[in-house]
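First up is the structure itself, then whatever we jot down about it.
The values are calculated or read from the model by the stated rules, or taken from the named source; none is laboratory data. This structure is a prediction, so every number in the text was calculated from the model and none was measured. Please note: Cβ atoms are built from the backbone with ideal geometry, for glycine as well, and neighbour counts cover all protein chains shown.
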Amino acid sequence: MTQSAMAFSDLLAAARFSAVHLELRDSYRVPDEAEAVERFRLTGESDLDPESEYWHDWTAMLRAATARGVSVRRARIVSEPVTAYTRYLHAMTPVNIAAGEQVRWLPRRNASCLALPGNDFWLFDDRSVRFNHFTGDGDWADPRTSYTEEPAVAKLCAAAFDAVWELGVPHEQFTV
(Lines give C-alpha, C1' and ligand atoms only; values in the text may rest on other atoms or scores of the structure.)
Protein backbone atom coordinates (compact mmCIF):
# COMPACT_ATOMS: atom_id res chain seq x y z
CA MET A 1 0.00 0.00 0.00
CA THR A 2 2.59 2.54 1.05
CA GLN A 3 4.89 4.14 -1.45
CA SER A 4 7.49 6.72 -0.57
CA ALA A 5 5.71 9.95 0.17
CA MET A 6 5.45 12.51 -2.56
CA ALA A 7 6.00 16.18 -1.81
CA PHE A 8 2.79 17.89 -0.75
CA SER A 9 3.44 20.84 -3.05
CA ASP A 10 3.71 18.48 -6.05
CA LEU A 11 0.48 16.70 -5.14
CA LEU A 12 -1.42 19.96 -4.72
CA ALA A 13 0.03 21.34 -7.95
CA ALA A 14 -1.13 18.21 -9.80
CA ALA A 15 -4.66 18.26 -8.33
CA ARG A 16 -7.33 18.89 -10.95
CA PHE A 17 -10.55 19.29 -8.96
CA SER A 18 -10.18 18.59 -5.24
CA ALA A 19 -7.85 18.43 -2.27
CA VAL A 20 -9.34 17.51 1.09
CA HIS A 21 -7.64 17.24 4.46
CA LEU A 22 -8.90 15.38 7.52
CA GLU A 23 -7.30 16.16 10.88
CA LEU A 24 -8.01 13.73 13.71
CA ARG A 25 -5.76 14.84 16.59
CA ASP A 26 -6.49 17.27 19.40
CA SER A 27 -2.95 18.56 19.43
CA TYR A 28 0.19 18.52 17.34
CA ARG A 29 3.69 19.40 18.40
CA VAL A 30 5.57 19.83 15.15
CA PRO A 31 8.69 22.02 15.28
CA ASP A 32 7.68 24.43 12.50
CA GLU A 33 4.65 25.57 14.55
CA ALA A 34 6.27 25.68 17.98
CA GLU A 35 6.99 29.42 18.04
CA ALA A 36 3.53 30.39 16.77
CA VAL A 37 1.78 28.06 19.24
CA GLU A 38 3.85 29.43 22.13
CA ARG A 39 3.08 33.01 21.10
CA PHE A 40 -0.62 32.18 21.08
CA ARG A 41 -0.36 30.47 24.47
CA LEU A 42 1.33 33.51 25.99
CA THR A 43 -0.57 36.34 24.28
CA GLY A 44 -3.70 34.89 22.69
CA GLU A 45 -2.53 36.37 19.38
CA SER A 46 -2.01 34.62 16.05
CA ASP A 47 -0.32 35.75 12.88
CA LEU A 48 -3.32 36.45 10.66
CA ASP A 49 -1.42 38.06 7.78
CA PRO A 50 -1.64 35.69 4.78
CA GLU A 51 1.40 37.43 3.28
CA SER A 52 3.63 37.10 6.34
CA GLU A 53 6.79 35.04 6.16
CA TYR A 54 5.07 32.34 8.26
CA TRP A 55 2.09 31.98 5.91
CA HIS A 56 3.25 33.12 2.46
CA ASP A 57 4.31 29.76 0.97
CA TRP A 58 1.15 28.04 2.18
CA THR A 59 -1.27 30.72 1.04
CA ALA A 60 0.48 31.00 -2.35
CA MET A 61 0.04 27.24 -2.93
CA LEU A 62 -3.62 27.38 -1.93
CA ARG A 63 -4.38 30.40 -4.06
CA ALA A 64 -2.71 28.80 -7.08
CA ALA A 65 -4.78 25.64 -6.60
CA THR A 66 -8.09 27.43 -6.12
CA ALA A 67 -7.34 29.69 -9.10
CA ARG A 68 -7.15 26.49 -11.19
CA GLY A 69 -10.59 25.51 -9.91
CA VAL A 70 -9.45 23.05 -7.24
CA SER A 71 -11.80 22.86 -4.26
CA VAL A 72 -9.73 22.77 -1.07
CA ARG A 73 -11.53 21.63 2.07
CA ARG A 74 -10.31 20.83 5.58
CA ALA A 75 -12.23 19.06 8.34
CA ARG A 76 -11.10 18.77 11.93
CA ILE A 77 -12.45 16.32 14.49
CA VAL A 78 -11.99 17.79 17.97
CA SER A 79 -12.70 16.81 21.54
CA GLU A 80 -14.68 19.14 23.79
CA PRO A 81 -13.81 21.00 25.80
CA VAL A 82 -11.19 21.85 23.22
CA THR A 83 -7.46 21.79 23.86
CA ALA A 84 -5.26 24.88 23.89
CA TYR A 85 -3.92 23.71 20.54
CA THR A 86 -7.43 23.55 19.08
CA ARG A 87 -8.01 27.12 20.26
CA TYR A 88 -4.81 28.08 18.42
CA LEU A 89 -6.02 26.32 15.24
CA HIS A 90 -9.39 28.02 15.47
CA ALA A 91 -7.77 31.44 15.90
CA MET A 92 -5.55 31.06 12.83
CA THR A 93 -8.11 29.41 10.54
CA PRO A 94 -9.18 32.75 9.00
CA VAL A 95 -5.88 32.68 7.10
CA ASN A 96 -6.77 29.30 5.58
CA ILE A 97 -10.17 30.65 4.60
CA ALA A 98 -8.72 33.85 3.13
CA ALA A 99 -6.43 31.69 0.98
CA GLY A 100 -9.38 29.71 -0.41
CA GLU A 101 -9.91 26.77 1.93
CA GLN A 102 -13.27 25.81 3.33
CA VAL A 103 -13.03 24.56 6.92
CA ARG A 104 -15.43 22.61 9.13
CA TRP A 105 -15.18 21.32 12.69
CA LEU A 106 -16.77 18.16 14.05
CA PRO A 107 -17.04 17.58 17.78
CA ARG A 108 -15.63 14.09 18.45
CA ARG A 109 -18.80 13.04 20.29
CA ASN A 110 -20.62 13.35 16.93
CA ALA A 111 -18.10 11.18 15.09
CA SER A 112 -18.68 7.88 16.90
CA CYS A 113 -20.84 6.50 14.10
CA LEU A 114 -18.19 7.12 11.42
CA ALA A 115 -15.60 4.74 9.98
CA LEU A 116 -12.36 6.72 9.95
CA PRO A 117 -8.81 5.97 8.83
CA GLY A 118 -6.22 5.75 11.60
CA ASN A 119 -4.22 8.75 10.43
CA ASP A 120 -4.67 12.30 9.20
CA PHE A 121 -4.65 12.51 5.44
CA TRP A 122 -4.84 14.62 2.32
CA LEU A 123 -6.89 13.15 -0.55
CA PHE A 124 -6.32 14.53 -4.03
CA ASP A 125 -8.91 14.16 -6.80
CA ASP A 126 -10.50 11.22 -4.94
CA ARG A 127 -7.64 8.98 -6.06
CA SER A 128 -4.36 9.64 -4.26
CA VAL A 129 -3.85 9.76 -0.51
CA ARG A 130 -1.02 11.25 1.48
CA PHE A 131 -1.17 10.10 5.11
CA ASN A 132 0.50 12.16 7.82
CA HIS A 133 2.07 10.17 10.65
CA PHE A 134 2.62 11.56 14.14
CA THR A 135 4.05 10.28 17.40
CA GLY A 136 1.87 9.99 20.48
CA ASP A 137 3.13 13.42 21.55
CA GLY A 138 2.11 14.98 18.22
CA ASP A 139 5.53 15.38 16.61
CA TRP A 140 6.26 14.04 13.14
CA ALA A 141 6.88 10.29 13.16
CA ASP A 142 9.55 8.67 11.03
CA PRO A 143 8.58 8.40 8.26
CA ARG A 144 6.41 11.50 8.38
CA THR A 145 4.14 10.55 5.54
CA SER A 146 3.13 7.74 3.23
CA TYR A 147 1.42 7.81 -0.12
CA THR A 148 -0.92 5.49 -1.98
CA GLU A 149 -3.15 5.41 -5.03
CA GLU A 150 -4.75 2.16 -3.95
CA PRO A 151 -8.42 2.53 -5.00
CA ALA A 152 -9.88 0.93 -1.84
CA VAL A 153 -7.86 3.25 0.40
CA ALA A 154 -8.82 6.34 -1.62
CA LYS A 155 -12.47 5.27 -1.48
CA LEU A 156 -12.31 4.79 2.32
CA CYS A 157 -10.73 8.22 2.76
CA ALA A 158 -13.23 9.90 0.44
CA ALA A 159 -16.17 8.34 2.28
CA ALA A 160 -14.71 9.26 5.68
CA PHE A 161 -14.06 12.85 4.67
CA ASP A 162 -17.50 13.26 3.12
CA ALA A 163 -19.17 11.89 6.26
CA VAL A 164 -17.19 14.23 8.51
CA TRP A 165 -17.88 17.17 6.19
CA GLU A 166 -21.61 16.45 6.20
CA LEU A 167 -21.75 16.46 10.02
CA GLY A 168 -19.20 19.24 10.49
CA VAL A 169 -19.89 22.79 11.55
CA PRO A 170 -18.63 25.57 9.25
CA HIS A 171 -15.78 27.51 10.82
CA GLU A 172 -17.82 30.70 11.08
CA GLN A 173 -20.39 28.90 13.25
CA PHE A 174 -18.03 26.86 15.42
CA THR A 175 -17.01 28.38 18.74
CA VAL A 176 -14.21 27.22 21.01
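Quick rundown of the values:
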read-out	value
Some residue of segment 136-152 being aliphatic (A, V, I, L, M), part of a helix (DSSP H, G or I) and more than 15 Å from Phe8 (Cβ to Cβ)	yes
Output for segment 129-160, where each listed residue is among the aromatic types (Phe, Trp, Tyr) and either out of contact with any His (no Cβ under 8 Å at 6 or more places or on another chain) or farther than 23 Å from Glu33 by Cβ (or both)	Phe131, Phe134, Tyr147
Residue match in segment 84-101 (condition: free of Cβ contacts under 8 Å to residues at least 12 places away in the same chain and surrounded by fewer than 17 Cβ atoms within 10 Å (Cβ to Cβ))	no
Residue satisfying all of: in segment 159-176; assigned to a helix (DSSP H, G or I) and touching a residue at least 40 places away in the same chain (Cβ under 8 Å); farthest from Leu89 (Cα to Cα) among these	Ala159
Top-ranked residue in segment 1-59 [being of a type in the set (Phe, Trp, Tyr) and assigned to a helix (DSSP H, G or I); ranked as farthest from Ser71 (Cα to Cα)]	Phe40
Spans of strands (runs of 3 or more DSSP E) in segment 74-134 with at least 3 residues of a type in the set (Phe, Trp, Tyr)	120-124
Qualifying residue in segment 128-147 (condition: without any contact (Cβ under 8 Å) to a residue 24 or more places away in the chain, farther than 25 Å from Glu53 by Cβ and of a type in the set (Val, Ile, Thr))	yes
Residue within segment 29-47 that is under 22 Å from Asp162 (Cβ atoms) and either modelled with pLDDT of 95 or more or of a type in the set (Ser, Thr, Tyr) (or both) present	no
Condition check for Ala65: surrounded by 20 or more Cβ atoms within 10 Å (Cβ to Cβ) and within 22 Å of Asn119 (Cβ to Cβ)	no
